[in-house]
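Scroll down for the structure; my scribbles are underneath it.
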Amino acid sequence: MQDDTLIYSRSKYDEENLNLDIIYKLITVHASESKRLKTLKDYYLGKHNILKHKRRSNLPNFKTVANHAKDIADTSTGYFMGNSITYTNTLAADIEPLLDAFDKADVDHVDNENALNMAIYGRAYEFIYAKEDETELSVRSLEPENTFIVYDDSIEQCPLFAVYYYDITDDVSQNTTYKAEVLTENYHYHMTLRGFENADNESSEPEEHHMGAIPIVEYRNNGLMIGDYEQQLGLIDAYNSLTANRVNDKEQAIDSILVLYGASLADSAEEAHEAMQILSEEGLLELPADAKADFLNNVLDENAIEVLRKALKQDIYTFSHVPNLTDENFASNVSGVAMEYKLLGLEMITKTKEQHYSKSLRKRIKLFCNYLGLKQIALDAKAIVPQYKRGLPKNLLELSQIINNLDGKVSLRQLISLLPFVEDPDAELKALEEEQENKTDEAPAFVQNSPLDQEDDVDE
């Protein structure tokens, strides 16, 4: 497995005058790679190779699909992005304008779409833009089958531009137009691709997007952009083949072949066919005294088949590092430590996801901060830190005991952040401080006329 990164020489790159032929060639290179990406999407949708399985016309051909691919992708996505990302600022500056912009752009929904695309394709893309006649930014998740970023040939492999290509079909004329959007650090190109209907490459004049960086962000699932179930496709195919053949053998066993010893049903094929029809309707067969009849049955070793089925299923989940949550090992109410041990493999790949996602997330934050800067709202993108929470049920009793034991040893904010039902630890800490201040202000009213104070007045 090799990195699918597309490279172009920076010395030949002119942002203000893109070589459209080069753009077209890069699109054709990616289009060949997108066939593999489409296969990964098909497996998520249940379109597995078993559906192409063929047998003789007279044999049963059930095509059973056990969609482990979807289960793996959904489980890993839920664990990674089941809870919304929260943000903190290492500086004292207020980040509410950024959080409001995120809410209006519905970035939580986009984060979930990105996480699912990462699990399926090994990568995800999002487009950050300002809608026409609107002042707020929008974020849209793009299909990896039609999107890529081109990097320069330096050791850092800095991004040069991003490409999103698609086709539009006129429902009336049935004519299809192939388009591409090319975004550089400062410009947005609209292209019509050649190679279709013998047309040449055409491009409109570039438009400035004022985002301060390439507004298409790439999120990688891991260093090599491998999907969560991509390397288990062979095991999934084997499991589907085994279960399909198991059902087919059962069905075929019902239609057992009648074998006659020392006799025949008739002298001709027509008479034999008539005799078989009578046999199927009446269920009776008359044979000579020295003849016998028997059914030829296919004997299945169910135990061996079941052992193989379980082994294949275990290997699928083992090598994907995503646990099968319907397994009996997850049925009991275990402690947090025991559950973490069972989820160790999933936690490792999720940590990798988190590292790569945070790296790209800083680009999203920078783009939003640049745009807010146009509105005279100054924010330091480097000081804003994303925080993740795993999508895992919590044992509140066990968690409360842990918090009680850590009281006085760990900051109150950190203890509050451990609570799964608290979304904003800073806001909760502020509310707690205000509540304590209110109690302090009310306290003198209860001791103002205490008997002790009256006795002191008498003594004086």
Report, ordered by the first and then the second residue, all pairs with beta carbons closer than 8 Å, sequence separation of six or more or different chains, a first member in the stretch 405-418 that is in contact (Cβ under 8 Å) with a residue 40 or more places away in the chain, and a second member that is of a type in the set (D, E, K, R). none
Restricting attention to the stretch 377-389, does a residue exist that is among the aromatic types (Phe, Trp, Tyr), touching a residue at least 60 places away in the same chain (Cβ under 8 Å) and not assigned by TED's automatic domain parsing to the domain that holds Pro425? yes
Please determine, by comparing only the residues of the stretch 398-440 that are modelled with pLDDT under 80 and of a type in the set (Asp, Glu), which one is nearest to Met339 (Cα to Cα). Glu398
Tell me the residue from Leu284, Leu279, Leu300 that is modelled with pLDDT under 75, at negative phi and assigned to a helix (DSSP H, G or I), please. Leu279
Pull up the stretch 182-230, narrow it to residues that are part of a loop (DSSP other than H, G, I, E, B) and aromatic (Phe, Trp, Tyr), then point me to the one that is modelled with the lowest pLDDT. Phe196
Test of understanding: among Glu145, Glu126, which residue is among the acidic types (Asp, Glu), buried (at least 18 other Cβ atoms within 10 Å of the Cβ) and in a strand (DSSP E or B)? Glu126
Look at Asn370 and say whether it is over 22 Å from Asn117 (Cβ atoms), loosely packed, with under 13 Cβ neighbours inside 10 Å, of a type outside the set (Val, Ile, Thr) and at pLDDT below 95. no
Just to be sure I understand the filter: pairs with C-beta atoms under 6 Å, separated by 6 or more residues or on different chains, first member in the stretch 213-229 and farther than 17 Å from Lys351 by Cα and assigned by TED's automatic domain parsing to the domain that holds Phe319, second member among the charged types (D, E, K, R) and crowded, with 23+ Cβ neighbours inside 10 Å. Which pairs pass? Val217/Glu126; Val217/Arg364
Touching a helix residue (DSSP H, G or I) at 6+ places or on another chain (Cβ under 7 Å), assigned to a helix (DSSP H, G or I), of a type in the set (Ser, Thr, Tyr) and on the phi < 0 side of the Ramachandran plot: is that true of Tyr43 in this structure? yes
Can you tell me which of (1) modelled with pLDDT of 80 or more; (2) farther than 30 Å from Val139 by Cβ is the one Arg390 doesn't meet? (2)
Hey, any hits in the stretch 10-19 for a residue that's more than 21 Å from Asp228 (Cα to Cα) and under 29 Å from the mean Cα position of the chain (by Cα)? no
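Yes/no per residue for (1) without any contact (Cβ under 8 Å) to a residue 24 or more places away in the chain; (2) within 28 Å of Ile149 (Cβ to Cβ):
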residue	(1), (2)
Asn17	yes, yes
Tyr24	no, yes
Ser32	yes, yes
Tyr44	no, yes
Lys52	yes, no
Ala73	no, yes
Gly78	no, yes
Gly82	no, yes
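The values are calculated or read from the model by the stated rules, or taken from the named source; none is laboratory data. Just so it is clear, the model here is predicted, and its values are computed rather than measured. For neighbour counting, all protein chains shown are included, and Cβ atoms are generated from backbone atoms with ideal geometry for every residue, glycine included.
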